[in-house]
Amino acid sequence: MNPKLLIVDDDEEIRTQMKWALAQDYEVLLAEDRPSAIVAFKDHRPPVVLLDLGLPPHPGKPDEGLAALSQMVAENSLAKILILSGQGEKTNALQAIGSGAYDFLSKPVDLEELKVVLRRTFHVAGLEKDFRDLQQRLQTDTFEGMLGTSPQMQHVFSSIRKVATSDAPVLVLGESGTGKEMVALAIHRRSPRKDGPFVAINCSAIPETLLEASCSVTRKALSRALMSSAGPD
């Protein structure tokens, strides 16, 4: 299915010419004024729009075109709106770009040049859509920074939820690089102690005697901290 392209122009000959030139590559939608353009834009949600600034009832001024641009941007800020107008003054171009237009082309436009611009614009729109879809999938599929939709990973996530509410020690086993520290961090984040520090220690890099001494010091420090926080009876 060809991507949708909305062409908004008050000149019927220009609309017909563009539709004839672009219909092979796009599903071309046509509108001749702001009301019909907004209806088509809302109903069909085209990713790219060719919008003439000079629209009735005042085709000699850019007001209607700029108003249509503002409405389209408010409806869908992700759409790429190309301003195509004979009113090529720099002020109009700057105002259109400042209002959310993707690009500004002056009439008369070369059709081959327009085709190149459209291909690039649709390509950018497609990349942005793919990126948004990926972001949404990542937000849906992540669990405490971990990705996984398989039954095995869902079982891991379920186990983390269960043990996180317990005070019992938890032993996480796995080969190097499988994410044991991420699991431990997820348990910490889901536990009642989530507001406290999470300390990751590489035990294999510490001599056994030093590790035992460190654990002893840590236990004493934690005990003193708990007694201090409890206060006098």
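Couple of notes before you dig in:
- As a fraction of the 1.4 Å probe accessible area of segment 160-214, surface on carbon and sulfur atoms comes out at 57 percent.
- C-alpha long axis of helix 63-75 to longest principal axis of the chain, angle in °: 30
- Between ASP25 and GLU208, the contour length at 0.36 nm per residue exceeds the alpha carbon distance by 58.9 nm.
- Note on LYS180/LEU94: beta-carbon distance plugged into 1/(1 + (r/R0)^6) with R0 of 45 Å gives a FRET efficiency of 0.20.
- Length-normalised contact order for the chain - Cα pairs under 8 Å, 6+ apart - percent: 11
- Residues of the chain: accessible area per residue with a 1.4 Å probe, Å²: 65
- Among ALA164, ALA40, ALA31: highest mean-square fluctuation, GNM of the chain, C-alpha pairs under 10 Å: ALA164
- Note on LYS115: lysines with a C-alpha under 19 Å away, same-chain residues under 8 apart excluded, are LYS4, LYS19, LYS80, LYS107.
- Between ASN76 and LYS115, the simple label model (points 7 Å from Cα in the Cβ direction) yields a spacing of 2.5 nm.
- With loop membership from DSSP and a limit of 13 other Cβ atoms within 10 Å, the longest segment of the chain without GluC sites (Glu not before Pro) is 1-88.
- Area projected by the alpha carbon convex hull of the chain, averaged over all directions, nm²: 22.9
- The apolar share of the surface of segment 20-142, taken as the fraction of accessible area on carbon and sulfur atoms (1.4 Å probe, ligands and nucleic acids excluded), comes to 53 percent.
- Set of lysines with alpha-carbon distance to LYS180 below 19 Å, sequence-local pairs under 8 removed: LYS162, LYS194
The values are calculated or read from the model by the stated rules, or taken from the named source; none is laboratory data. Bear in mind that the values here come from a model prediction, so they are computed numbers and not experimental data. So basically every Cβ, Gly included, is an ideal-geometry build from the backbone, and we count neighbours across all protein chains shown. What goes into the accessible areas is simple: the full protein's heavy atoms, side chains included, and nothing from ligands, DNA or RNA. Shrake-Rupley method; radii C 1.70, N 1.55, O 1.52, S 1.80 Å.
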